[in-house]
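Heads up: the structure comes next, in structure tokens.
The values are calculated or read from the model by the stated rules, or taken from the named source; none is laboratory data. On a predicted model such as this, the values are computed, not experimentally measured, just so you know. Because the Cβ atoms are built from the backbone with ideal geometry, glycine has one as well, and the counts that use them run over all protein chains shown. Accessible surface areas use protein heavy atoms only, side chains included; no ligands, DNA or RNA. Shrake-Rupley method; radii C 1.70, N 1.55, O 1.52, S 1.80 Å.
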Amino acid sequence: MNKEACRENKENTRERLILVGAALGTQEACDASLSELEELCNTAGADCVGRLIQSRERFSPATYIGKGKLEELQAMILGLAADGIVCDDELSPAQLKNLNDMLSCKVLDRTLLILDIFAERASTSEGKLQVELAQLRYRASRLTGLGTSLSRQGGGIGTRGPGEKQLEVDRRVIHQRIGVLKEELLKVAKNRAVQRSKRKNGELPLAAIVGYTNAGKSTLLNELTGADIYAQNQLFATLDPTTRKLLLPNKQEILLTDTVGFIHKLSHHLIEAFRSTLEEAKYADIIIHVVDSASPDAELHMQVVYNTLKELHIMDKPVITVFNKADLEEADRMLKDCKAECQIYLSAKTGQGFDALFHAIQEMLLMDSIYIEKTLPFAKASLLARVRREGQLIKEEYRENGIYIEAYVPRKLLAFM
Ligand SMILES: Nc1nc2c(ncn2[C@@H]2O[C@H](COP(=O)(O)OP(=O)(O)OP(=O)(O)O)[C@@H](O)[C@H]2O)c(=O)[nH]1
Ligand SMILES: [Mg+2]
């Protein structure tokens, strides 16, 4: 087949999906969320042929949207010749099973779609293990609900990736495999810890670039360090963290790490499976929070980033917020991030604002103290005296598992905690 025919064939075989949202908040919020879901579909290689939104007080525990609305959905499926539907939230096993029984097409949800994209992207052994673990965990509780459309024979979105080969095996085998994967991941995590401690010994400060997916994190790292990371107008272009060295104007060297992007409604078990990748920022001295200032949803994106950082227990780092894409007309110069120590408007593409960013990083590295909320194990109680002497102890509480403190401490002291 020649190239053109190949492309045409691919276009013809793109799956046709209908997006389904239960609007618990405003209609606009649900619309925006569905637009993001549409981008996820496009990234996964499918076309969205329709949308169905139902305003609800809460999700229907049995069928996600109401039973009456399902009839409308079934008519849409037939009318639009859709191959499947994608619900904008993670479906429970019961919801998935019922929808599969009631509708004449395959049923996907946001989590499955993200997993599918991750499965295509994963290139390192750790990434592949994480994807397989997340897929198996998702499927283990939904074996009866996934229906024949998601079996290996069904093919297409929702069935790709290393987890696929496990589809027809029973729960017991899946759980055994989950155990094996967890062990393997633990080994990889240990390896990573060794590399990290080597870095620590090298004493180079580390800045982690975090942010919503497609904000421009990889572009920023590429432009700052000449790295060659895949940067694309796609959701989740980056899955594996990459670290590069950056020489600041004052001749100080730091390490910069690009991380996997965050997204709205990232389900809890996805966070669990990708914890070690998402958590890269935990080991950073500074967080560089990249925001796409040209996105109409920039405010929501910032909120999602902070919520995810909170869930990953990464709250004790100084943050430089970078409002990126300042070169674009749509860029909103009124955006503010009161949670950040410092805010900069820049363009990763043109380099405008880089000097301000360098300056901010240098300043931040100089700033000695950092606010922490932490429980010190009793074995490290002697550190308390140093915190008093060298920092500022605001609160101390003796708890069952150690001494809980709230304090400003010099950064160098943190290494001992
Ligand atoms: N105009 C403009 N486009 C930018 C800028 N920075 C990034 N982009 C574009 O935004 C898109 C996403 O950039 P990436 O660097 O891949 O974004 P990311 O945050 O790494 O995204 P993920 O890895 O998918 O989470 C690409 O098409 C970039 O070319 C900028 O300053 N100006
Ligand atoms: Mg990226």
Just one of the numbered conditions (1) crowded, with 20+ Cβ neighbours inside 10 Å; (2) over 30 Å from residue 242 (Cα atoms) is not true of residue 78; which one? (1)
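Yes/no per residue for (1) touching a Ser or Thr at 6+ places or on another chain (Cβ under 6 Å); (2) closer than 23 Å to residue 35 by Cα; (3) within 16 Å of ligand 2 (Cβ to nearest atom):
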| site | (1), (2), (3) |
| --- | --- |
| 311 | no, no, no |
| 316 | no, no, no |
| 320 | no, no, no |
| 329 | no, yes, no |
| 334 | no, no, no |
| 339 | no, no, no |
| 349 | no, no, yes |
Counted residues in segment 213-228 being within 6 Å of ligand 1 (Cβ to nearest atom) and farther than 15 Å from residue 298 by Cβ come to 2
Being exposed (fewer than 15 other Cβ atoms within 10 Å of the Cβ) and under 17 Å from the mean Cα position of the chain (by Cα), is that true of even one residue in segment 241-248? no
What are the residues in segment 307-321 that are more than 13 Å from the chain's Cα centre (by Cα), open to solvent by 30 Å² or more (accessible area, probe 1.4 Å) and polar (S, T, N, Q), if any? none
Give me the pairs, please: first residue somewhere in segment 102-126 and over 23 Å from residue 71 (Cβ atoms), second residue anywhere and acidic (Asp, Glu) and modelled with pLDDT under 90, beta-carbon distance under 6 Å, and either six or more positions apart or on two chains. 124/240
Out of all the residues in segment 94-109, which are surrounded by 24 or more Cβ atoms within 10 Å (Cβ to Cβ) and in a helix (DSSP H, G or I)? 96, 99
Residue identified as under 21 Å from residue 115 (Cα atoms), among the hydrophobic types (A, V, I, L, M, F, W, C), open to solvent by less than 10 Å² (accessible area, probe 1.4 Å) and modelled with pLDDT of 85 or more among 260, 290, 304: 260
Can you say whether residue 374 is surrounded by fewer than 15 Cβ atoms within 10 Å (Cβ to Cβ) and either assigned to a strand (DSSP E or B) or not assigned by TED's automatic domain parsing to the domain that holds residue 246 (or both), as far as the supplied structure shows? no
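Listed here are the residues, each with its yes/no results for (1) without any contact (Cβ under 8 Å) to a residue 40 or more places away in the chain; (2) not small (Gly, Ala, Ser).
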residue: 323; (1), (2): yes, yes
residue: 327; (1), (2): yes, yes
residue: 334; (1), (2): yes, yes
residue: 340; (1), (2): no, no
residue: 348; (1), (2): no, no
residue: 361; (1), (2): no, yes
Within segment 330-357, restricting to residues that are within 26 Å of the chain's Cα centre (by Cα) and outside any loop (DSSP other than H, G, I, E, B), the one that is farthest from ligand 1 (Cβ to nearest atom) is 342
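Condition (residue is free of Cβ contacts under 8 Å to residues at least 40 places away in the same chain and either of a type in the set (Val, Ile, Thr) or in contact with a helix residue (DSSP H, G or I) (Cβ under 6 Å, 6 or more places away or on another chain) (or both)) applied to segment 210-218: is it met by at least one residue?
Taking every residue of segment 210-218 in turn, none turns out to be free of Cβ contacts under 8 Å to residues at least 40 places away in the same chain and either of a type in the set (Val, Ile, Thr) or in contact with a helix residue (DSSP H, G or I) (Cβ under 6 Å, 6 or more places away or on another chain) (or both).
Test residue 195 against the criterion of being within 16 Å of ligand 2 (Cβ to nearest atom) and either without any contact (Cβ under 8 Å) to a residue 40 or more places away in the chain or assigned by TED's automatic domain parsing to the domain that holds residue 284 (or both), and give yes or no.
So residue 195 does not fit the description; no.
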Does residue 145 satisfy the condition of being part of a loop (DSSP other than H, G, I, E, B), buried (at least 23 other Cβ atoms within 10 Å of the Cβ), at pLDDT below 95 and not assigned by TED's automatic domain parsing to the domain that holds residue 234? no
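I need a count of the residues in segment 234-261 that are touching a Leu at 6+ places or on another chain (Cβ under 8 Å), within 14 Å of ligand 1 (Cβ to nearest atom) and of a type outside the set (D, E, K, R). If you could, list the steps in order and put the result at the bottom.
Looking only at segment 234-261, we keep the residues that are touching a Leu at 6+ places or on another chain (Cβ under 8 Å), and these are 235, 242-246, 252-261.
Pick out the ones that are also within 14 Å of ligand 1 (Cβ to nearest atom) and you get 235, 242, 244, 256-261.
With of a type outside the set (D, E, K, R) added as a condition, the list becomes 235, 242, 256-257, 259-261.
Residues flagged as touching a Leu at 6+ places or on another chain (Cβ under 8 Å), within 14 Å of ligand 1 (Cβ to nearest atom) and of a type outside the set (D, E, K, R) within segment 234-261 amount to 7.
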Single residue of 298, 231 found to be without any contact (Cβ under 8 Å) to a residue 60 or more places away in the chain and within 11 Å of ligand 1 (Cβ to nearest atom): 231
Residue set 320, 287; condition under 24 Å from residue 197 (Cα atoms), within 16 Å of ligand 1 (Cβ to nearest atom) and part of a strand (DSSP E or B); output residue 287
If only one of 33, 60 is surrounded by 16 or more Cβ atoms within 10 Å (Cβ to Cβ) and more than 29 Å from residue 295 (Cα to Cα), which one is it? 60
